[in-house]
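For reference, the structure discussed in these notes is given below.
Every read-out reported here was derived from the displayed coordinates using simple, explicitly stated rules and does not represent laboratory data. Note that the structure is predicted; figures quoted are calculated from it, not measured. Glycine gets a Cβ as well: all are built from the backbone with ideal geometry, and neighbour counts include every protein chain shown.
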């Protein structure tokens, strides 16, 4: 799988007083897209937690190009940009009718659930190697 697509419908609760999607709502949409991307790749947060591993967002760069509105059906895309021993870099976009409204580059790191950094699990490194 190279690019994962996750649909999101905009509800009233996602909007601000202007009728546009509130900027923080895009973070939730990106998070859902990342989680479903990983699930589609056979990587489940609950299984990682059982190994004492979790993912944490290290950094995120976002560009807001246009606004989404109530009732819009959006497409959240997620793809691997790079992977290393402890970091997974993902490119994401939120599109309406194929046009990017918001774009993000997200770096997630592996951490121990007990605290501190961790190495990326071997299975994940192998899964995304060469992408």
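Worth a mention:
- Angle of helix 23-40 to the longest C-alpha principal axis of the chain, folded into 0 to 90 degrees and rounded to 10: 50°.
- Whole-Å distance, taken between Cα centres, linking the stretch 82-120 and the stretch 1-42: 14
- Relative contact order of the chain, pairs being alpha-carbon contacts under 8 Å that are 6 or more residues apart, as %: 28
- Which label in (i) 14.6, 50; (ii) 14.5, 47; (iii) 15.5, 46 gives the computed Rg and Dmax of the Cα atoms in Å: (iii)
- Relative packing of peptides 4-11, 50-57 - highest average C-beta neighbours within 10 Å first: 4-11, 50-57
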